Amino acid sequence: MQGIISIVLLVISNVFMTFAWYGHLKMKQEFSWFSTLPLFVVVLFSWGIALAEYMCQVPANRIGFNGNGGPFSLMQLKVIQEVITLVIFTLFTTLAFNGETLHWNHLAAGVCLVLAVFFVFMK
């Protein structure tokens with residue numbers, strides 16, 4: 001159960017992270033008032049969102065880490081987190097930004113990520 005909780009928290013964390021890092025680009029396109037904000041305000045806005053990310057990321061790592069009784073090594077946690085990050089980023093990019101599309105090389109990279117997960121879990 002700890003593994004599932006850890007992965008769910010990582011997914012939630014990465015949704016916040018993706019929005020904190022890239023959401024302001026979409027907001028600048030969609031809302032004229034947002035495009036007039038100074039950069040430091042946009043940074044503070046992103047930091048506020050990133051706080052929610054960390055409130056999920058840190059517990060996910062604590063719960064999932066085998067040193068704390070969880071099922072994953074540090075290497076496994078990191079690879080899981082990276083795969084989740086790229087899946088969520090890909091979904092966000094293709095859904096939120098009309099000009100972004102998937103190409104064969106993106107799919108090939110996805111296959112490599114699946115292989116990375118496979119290899120990191122090998123004994």
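Comparison of 88, 12, 80, 84 shows that the only residue that is surrounded by 11 or more Cβ atoms within 10 Å (Cβ to Cβ), assigned to a helix (DSSP H, G or I) and touching a Cys at 6+ places or on another chain (Cβ under 6 Å) is 12. Could you tell me whether region 51-63 includes any residue that is under 18 Å from residue 121 (Cβ atoms) and touching a strand residue (DSSP E or B) at 6+ places or on another chain (Cβ under 8 Å)? No, region 51-63 contains no residue that is under 18 Å from residue 121 (Cβ atoms) and touching a strand residue (DSSP E or B) at 6+ places or on another chain (Cβ under 8 Å). Taking the conditions (1) more than 30 Å from residue 111 (Cβ to Cβ); (2) surrounded by 13 or more Cβ atoms within 10 Å (Cβ to Cβ); (3) without any contact (Cβ under 8 Å) to a residue 24 or more places away in the chain in turn, residue 52 satisfies each one other than (3). Just one of the numbered conditions (1) in contact with an Asp or Glu (Cβ under 7 Å, 6 or more places away or on another chain); (2) of a type in the set (A, V, I, L, M, F, W, C); (3) farther than 18 Å from residue 86 by Cα is not true of residue 63: (1). Being part of a helix (DSSP H, G or I), loosely packed, with under 15 Cβ neighbours inside 10 Å and among the hydroxyl-bearing types (Ser, Thr, Tyr) is a condition met by at least one residue of region 34-43. Taking residues in region 94-123 that are closer than 20 Å to residue 25 by Cβ, and partners anywhere that are surrounded by 10 or more Cβ atoms within 10 Å (Cβ to Cβ) and basic (Lys, Arg), the pairs with Cβ atoms closer than 6 Å and at least 6 places apart or on different chains are 96/26.
The numbers here are math on the coordinates, done by the rules we state, and not lab data. This structure is a prediction, so every number in the text was calculated from the model and none was measured. Glycine gets a Cβ as well: all are built from the backbone with ideal geometry, and neighbour counts include every protein chain shown.
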